[in-house]
């Protein structure tokens, strides 16, 4: 009889993280969530080292092994205009340090064929103003992905997914919001869930150290002033 798979998801209480947890559960996996918001498994702040150690200890004590680690949790606290030293540090601890440290804590407990998926963002490639805290965290986890893939070679595959505009509240988008995307719509939580499951599937085991952009083609759309109705307000 095949052993039950164990999935660890950070930031799994709502939004994309919740969608990922629900899909793992539908596929029969035991799901271990950590989030600052209340949830059914572990409520805590992954920016705190001790919290990560207690959480990982609980997972290992209860299940003994991990098949999937999805590093999803992150946040923004602004940028050069308003982000303090402590705020910037907090975002990096949440978005980069925690994924690194959780991987270390689980390092000896990943099952054969295990997969890590880091949720990055298209903001690691492109920016709006005053987004330095979030953008730096997403750039950091993008680089961490290929570094860990090399360090864990032969043991665990490590890949990333970079979402673009993903609607997480159920709102409907039409007109320019939708049609500016080459795919003709704003993304959904399920679009990211599908990419994560694809990367976790052992049938795709030759994909390693990669970043899959799921943004409806927006990062491939070249934009100039007055091109296609676009204008730039200086």
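Points worth noting:
- Of all DSSP beta bridges in the chain, antiparallel share, percent nearest 5: 0 percent
- Descending by average beta-carbon neighbour count within 10 Å, the peptides 156-163, 210-217 line up as 156-163, 210-217, the highest first.
- For the range 102-234, the convex hull spanned by the alpha carbon atoms encloses 137 Å³ per residue.
- Nearest-ten-degree value, helix 15-26 long axis tilted from longest Cα axis of the chain: 40 degrees
- Relative contact order [Cα under 8 Å, 6+ residues apart], the chain, whole percent: 17 percent
- Residue exposure proxy: 222, 148, 126, 197, ordered by other Cβ atoms within 10 angstrom of their Cβ from fewest to most, comes out as 222, 126, 197, 148.
- Along each principal axis, taking the top coordinate minus the bottom one, the Cα set of the chain gives 60, 41, 34 Å in descending order.
- Among 76, 84, 133, the largest mean-square fluctuation in a Gaussian network model of the chain (Cα springs under 10 Å) belongs to 84.
- Alpha carbon centroid spacing (whole Å) that separates the range 186-211 from the range 35-108: 21 Å
- Approximating the spin labels as points 7 Å out from Cα along Cα→Cβ, the residue 234-to-residue 150 distance works out to 4.3 nm.
- Listing 221, 69, 105 from fewest to most neighbouring C-beta atoms within 10 Å gives 221, 105, 69.
Every read-out reported here was derived from the displayed coordinates using simple, explicitly stated rules and does not represent laboratory data. Please read these numbers as outputs of a predicted model, since none were measured by experiment. Don't worry about glycine lacking a Cβ; one is built from the backbone with ideal geometry, like all the others, and counts go over all protein chains shown.
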